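Asker: I have a structure I would like to understand better, so I am pasting it below and will then ask my questions one at a time.
The values are calculated or read from the model by the stated rules, or taken from the named source; none is laboratory data. As the structure is a computational prediction, the values presented were derived from the model and not from experiment. Glycine also receives a Cβ, built like all others from the backbone with ideal geometry; neighbour counts cover every protein chain displayed.
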Amino acid sequence: MTDLFSVPLRAVIFDMDGVLTDTIDYHYRTWQRLFDEEGIPFDREKNEELRGLSRLDSLNAVLGDRELPDAKKQEFLDRKNQYFHEFIEQMDASALLPGIAELLPEIEAAGLPMAVASASQNVQKVCTQLGIADKFQKIASVYDVPNSKPAPDVFLHAAKLIDTEPQACLAIEDGASGIEAALAAGMRVLGLGDPQVVGRAHIVMDGLGGVTWADLRAQFETAPAIASSSGL
Ligand code: G6P
Ligand code: MG
């Protein structure tokens, strides 16, 4: 493998939910409300498995073998989204995750373009509510591409929109499906959260609180032990 870590970073691509803001609890509460109404078992543990999956993929993951007509599924998806909107209408910059308010201007000042690559259909709305939409050259969602995460499509699409080859992009993700998507896109990947979930990323951190762009650049432009163990 060419040494990915020797390529200078030229762009940063962020997942949204769980990286820029923590909507996971909103997703949990709105799915729980829907499934309670429908008498379908659901809990927080199951919700964790849905990180990074599109709304339809999430519904299918919970339904499992239960057969439902497409029109009924669509009604479930619309109702869930209506409940979710009740939360996102209230969101503002206070919902940014630790470190984001500092990191985005640092990357901007360093002259690197940034993009969002999200599985959420609400990505533009949420970034606007958070007051960070203007930090990104492009905001992409899986609704712009044929295949959702874990396919690489949305990361490749975002990289193309900001005119940067994947090898020069750092992807930041909190979901197992998103980590796989960014790896498949050929990017360097920072995983945030539980190593059991994001352990396939090149580097794993708890979160971005107190993390500077200089820290990230130093780590991602220097071959890590795992990347250099193949004989370098
Ligand atoms: C993100 C979250 C998922 C959520 C998906 C769809 O990727 O991590 O948990 O299912 O977005 O969000 P949406 O806003 O389209 O319902
Ligand atoms: Mg996420």
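Asker: Quick one: in region 8-53, which of the residues that are buried (at least 22 other Cβ atoms within 10 Å of the Cβ) and of a type in the set (Gly, Ala, Ser) is farthest from ligand 2 (Cβ to nearest atom)?
Answerer: Only one residue fits best here, namely 11.
Asker: For region 61-90, give me each residue that is surrounded by 14 or more Cβ atoms within 10 Å (Cβ to Cβ) and farther than 15 Å from residue 30 by Cα.
Answerer: Scanning region 61-90 gives 63, 68, 73.
Asker: If you go through region 38-45 one residue at a time, do you hit one that is outside the structural domain of residue 218 (by TED's automatic domain parsing), in a loop (DSSP other than H, G, I, E, B), over 21 Å from the mean Cα position of the chain (by Cα) and among the aromatic types (Phe, Trp, Tyr)?
Answerer: yes
Asker: Taking residue 4 and the conditions (1) touching a strand residue (DSSP E or B) at 6+ places or on another chain (Cβ under 8 Å); (2) within 16 Å of ligand 2 (Cβ to nearest atom), which numbered condition does it fall short on, given that it satisfies the others?
Answerer: (2)
Asker: Here is a check on your reading of the model: is residue 141 touching a Ser or Thr at 6+ places or on another chain (Cβ under 7 Å) and among the polar types (S, T, N, Q)?
Answerer: So residue 141 passes the test.
Asker: Mind counting the residues in region 174-191 that are within 14 Å of ligand 1 (Cβ to nearest atom) and in contact with a Leu (Cβ under 7 Å, 6 or more places away or on another chain)?
Answerer: Adding up the residues that qualify gives 2.
Asker: Give 131, 186, 207, 175 a once-over and let me know the one that is within 16 Å of ligand 2 (Cβ to nearest atom), modelled with pLDDT of 95 or more and not acidic (Asp, Glu).
Answerer: 207
Asker: Also, quick follow-up: Please verify whether region 106-114 includes one or more residues that are assigned to a loop (DSSP other than H, G, I, E, B), loosely packed, with under 13 Cβ neighbours inside 10 Å and in the same structural domain as residue 177 (by TED's automatic domain parsing).
Answerer: Checked region 106-114: at least one residue is assigned to a loop (DSSP other than H, G, I, E, B), loosely packed, with under 13 Cβ neighbours inside 10 Å and in the same structural domain as residue 177 (by TED's automatic domain parsing).
Asker: Among the residues of region 67-83, are any aliphatic (A, V, I, L, M) and outside any helix (DSSP H, G or I)?
Answerer: yes
Asker: Another question, then. So which residues in region 54-90 are within 16 Å of ligand 2 (Cβ to nearest atom), touching a Leu at 6+ places or on another chain (Cβ under 8 Å) and hydroxyl-bearing (Ser, Thr, Tyr), if there are any at all?
Answerer: Of everything in region 54-90, just one residue is within 16 Å of ligand 2 (Cβ to nearest atom), touching a Leu at 6+ places or on another chain (Cβ under 8 Å) and hydroxyl-bearing (Ser, Thr, Tyr), namely 58.
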